[in-house]
């Protein structure tokens, strides 16, 4: 059900999403969604948690066993940069849910979840690099927040490009280079 909600959210946006649309996508009754989730807001939250869990799982799998900070940074970006369509869907949904979180108190936990997991992934790699003498960050948490801001900003700019599918290939390499510049001090 959550995967169906994710597909519909990517197509129409969170604001236009209806439980009926999602139920039709999945092939079940809207009443089942209401029974299971209780509200559209709960469905949106569960969908974003599911998407974030997948991202965190990919990051953890890619980082497992890597002890070189630059390789770890590349692995982190490999987990974040999946492919053009998947990244487009994720960031369109993510931007919808960010505005929900800002306006709706029940979405407040989403902001903390993002900060904990996404910033935490960057902080893990940066801390590794600082210990190895590879990265020059004096404040790891601040460097992690700046790294996340850099990547999210690049994705927001990329979403607005008319030829987003063609420019996706260079986006990852440019992001890696920019992160190295940020972290090398």
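The values are calculated or read from the model by the stated rules, or taken from the named source; none is laboratory data. Please read these numbers as outputs of a predicted model, since none were measured by experiment. For neighbour counting, all protein chains shown are included, and Cβ atoms are generated from backbone atoms with ideal geometry for every residue, glycine included.
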Practice task
For region 45-61, name all the residues that are buried (at least 16 other Cβ atoms within 10 Å of the Cβ) and touching a residue at least 60 places away in the same chain (Cβ under 8 Å).
Solution key: 45, 48, 52, 55, 56, 59
Problem - Counted residues, region 123-147 - those being surrounded by 14 or more Cβ atoms within 10 Å (Cβ to Cβ), at pLDDT 95 or above and either within 12 Å of the chain's Cα centre (by Cα) or not in a helix (DSSP H, G or I) (or both) - result: 2
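For region 1-82, give me every one of the helices (runs of 4 or more DSSP H) that falls completely inside it and has 1 or more residues that are at pLDDT 85 or above and more than 18 Å from residue 126 (Cβ to Cβ).
Details: elements: 2-12, 19-26, 30-37, 40-63, 69-80.
Where helices (runs of 4 or more DSSP H) fall fully within region 1-82 and carry at least 1 residues being at pLDDT 85 or above and more than 18 Å from residue 126 (Cβ to Cβ), they are 2-12, 19-26, 30-37, 40-63.
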Practice task
Kindly indicate whether residue 118 is modelled with pLDDT under 90 and surrounded by 17 or more Cβ atoms within 10 Å (Cβ to Cβ).
Solution key: yes
Problem - Single residue of 64, 79, 72, 86 found to be surrounded by fewer than 14 Cβ atoms within 10 Å (Cβ to Cβ) and more than 21 Å from residue 1 (Cα to Cα) - result: 64
